[in-house]
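S.K.: A single structure is presented below for examination.
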Amino acid sequence: MIDLSDPHLTNQEREVLQELLNRAPHTPPTLEDMWQLMDEVWDELGCDNKNPNAPNVSAFYSHPVWTLNGLFVEQHPTSLTHRTAIVDWITNLTSSITKVADFGGGFGTLARMLGKAIPTLHVDIVDPFPSALAVARAKPIANVVYVDQLSSDYDCVVCTDVLEHVPDPLALLATMRQATRPGGYLLIANHFSPSIKCHLPATFHLRLSFSFLARLMGMPSLGPCQGSHALVFKKEKDAPINWPLIRFAERISRLSGPLLRVAFWAKKTWKTYRS
């Protein structure tokens, strides 16, 4: 069950959260219920995923539905398993990772798990819309802080389920790359899929080309972070990004995306049929 009794919630927030829970088809809500509630708030605020309007979108990402999502994540076994896998991966490299950014960290669950697991680690939660409850939950953990922007020289930048929400994922990826020291890591988990309306369709072509484009930026993939849907990338060195090449490859990806998805589906279907 999702507990709304925390004293850091205002009465108004509690009322909004309870009203959202009352709408959910199931008690406690499922992941699909949470997506449905987010879609309803998206529509109520007049957001359009094909033509994102900044004021409306800002209102959406500061809406209490994201507090509800954070509370949901903390009692959802699959979500917690993914975050535990990332914590374990970073824990195994504690000797070389002392400064981490949880970019778009939202409710801060992953960052708090990291801060508790590795007391010597400094963790920045980079998020422009933290709720009062999220900030309050992070405050007792001295090595975890909320900041509104990336600094520099991070040993590892973690970004889970963020890039599908932004109009220019590659520019944001470049910003995270710049904030990572040479030889550092980026753990990126994407969901370039129309599961929810705030996932922008303009990003979906990256589902099959993201790792290739990251490599062009000087960040080869080291493979998956086992137990999660994140991929591990390594920043090889500080070097200028060849933006004409990146944008050309992005256009090719955008144009070929539908065909590649059909080919991917056909290959997967054929393998299933053969087995």
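No lab work stands behind these numbers, since they all come straight from the coordinates. As the structure is a prediction and not an experimental result, all values here were calculated from the model. Here the Cβ positions follow ideal geometry from the backbone for every residue, glycine too, while neighbour counts run over all protein chains shown.
S.K.: Lysine pairs in the chain with Cα distance under 18 Å, only those 8 or more apart or on different chains: how many are there? Working shown, then result.
M.R.: Values: Lys50/Lys197; Lys99/Lys116; Lys99/Lys139; Lys99/Lys234; Lys99/Lys235; Lys99/Lys237; Lys116/Lys139.
Close lysine pairs found across the chain: 7.
S.K.: Just going by the charge dipole of the chain, with Lys and Arg at +1 and Asp and Glu at -1 on Cβ, which of Leu172, Ser221, Gly46 is farthest out on the positive end?
M.R.: About the Cα centre, the residue reaching furthest to the positive side is Ser221.
S.K.: Binning at 5 angstrom from zero up to the longest distance, how are the C-alpha pair distances of segment 11-73 distributed in percent?
M.R.: Pair shares across the bins are 4, 18, 29, 24, 16, 8, 2.
S.K.: Springs between alpha-carbon atoms under 10 Å, Gaussian network over the chain: tell me which of Asn51, Asn143, Asn69 tops the mean-square fluctuations.
M.R.: Of Asn51, Asn143, Asn69, the most mobile in the Gaussian network model is Asn51.
S.K.: What FRET efficiency comes out for Phe129 versus Ser5 if R0 is 35 angstrom and r is the Cβ-Cβ distance? Round to the nearest 0.05.
M.R.: Numbers: r = 23 Å, r/R0 = 0.66.
Efficiency at R0 = 35 Å is approximately 0.90.
S.K.: Which trypsin sites (Lys or Arg not before Pro) in segment 92-128 sit in a loop by DSSP (not H, G, I, E or B) and have at most 16 other Cβ atoms within 10 Å of their own Cβ? Could you put the intermediate results ahead of the total?
M.R.: Details: sites: Lys99, Arg112, Lys116; in loops: none.
In loop regions of segment 92-128 (DSSP not H, G, I, E or B), there are no sparsely surrounded trypsin sites (Lys or Arg not before Pro).
S.K.: On the principal axes of its Cα set, how long, how wide and how thick is segment 170-245? Give whole Å, largest value first.
M.R.: Computed over segment 170-245, the largest-to-smallest principal extents equal 36, 33, 19 Å.
S.K.: Find the Rg to Rh ratio for segment 45-115, where Rh is the Kirkwood radius over alpha-carbon pairs and Rg uses the same atoms. Don't skip to the end; give the middle numbers.
M.R.: Working: Rg = 15.5 Å, Rh = 14.2 Å.
Result: Rg/Rh = 1.09.
S.K.: Could you tell me how many cubic angstrom of Cα convex hull volume the chain has per residue? Numbers along the way, then the final one.
M.R.: Numbers: hull volume 40.0 nm³, N = 275.
Expressed per residue, the convex hull around the Cα atoms of the chain is 146 Å³.
S.K.: Oh, and also: Springs between alpha-carbon pairs under 10 angstrom, Gaussian network model over the chain: which of Leu150, Leu172, Leu114 fluctuates most?
M.R.: Leu172
S.K.: A further question on this structure: If you average 1/r over every pair of different alpha-carbon atoms in segment 133-222 and take one over that average, what Kirkwood value in Å do you get? Before the final figure, lay out each step's value.
M.R.: Values: mean 1/r = 0.0688 Å⁻¹.
The Cα-based Kirkwood calculation yields 14.5 Å.
S.K.: Compute, for segment 68-198, the length of the dipole vector about the Cα centre, with Cβ point charges of +1 (Lys, Arg) and -1 (Asp, Glu) only. Units Debye, rounded to 20.
M.R.: On the way: 9 positive and 11 negative charges, 51 e Å.
The calculation lands at about 240 debye.
S.K.: When the helices in the chain are scored as -39500 (n - 2.57) per DSSP H run of 4 or longer and the sum is shared across all residues, what 222 nm value do you end up with, to the nearest 500 deg cm²/dmol?
M.R.: Details: 10 runs with 129 residues, N = 275.
After summing the helix terms and dividing by residue count, I get -15000 deg cm²/dmol.
S.K.: What is the sum of charges around Asp161, taking Lys and Arg as +1, Asp and Glu as -1, for the other residues whose C-beta is under 14 Å from the C-beta of Asp161?
M.R.: -1
S.K.: What's the extension gain from Leu245 to Gln12 if we count 0.36 nm per residue and subtract their Cα-Cα distance? Please list the in-between numbers first.
M.R.: Details: separation 233, 0.36 × 233 = 83.88 nm, distance 4.96 nm.
That works out to 78.9 nm of additional length.
S.K.: Let me ask another. What does the charge add up to near Trp243, with Lys and Arg as +1, Asp and Glu as -1, over the other residues with Cβ less than 14 Å from its Cβ?
M.R.: On the way: positive: Arg177, Arg247, Arg251; negative: Asp168, Glu250.
Once positives and negatives cancel, what remains is +1.
S.K.: Same structure, new question: Rounded to the nearest 20 Debye, what is the dipole magnitude of the chain about its Cα centre when Lys and Arg each give +1 and Asp and Glu each give -1 at the C-beta? Before the final figure, lay out each step's value.
M.R.: On the way: 25 positive and 26 negative charges, 293 e Å.
Charge dipole, the chain, about its Cα centre: 1400 debye, nearest 20.
S.K.: For the chain, build the charge dipole from Cβ charges (+1 Lys, Arg; -1 Asp, Glu) around the Cα centre, then report which of Thr27, Thr160, Ser253 sits farthest towards its positive end.
M.R.: The one lying farthest along the dipole's positive direction is Ser253.
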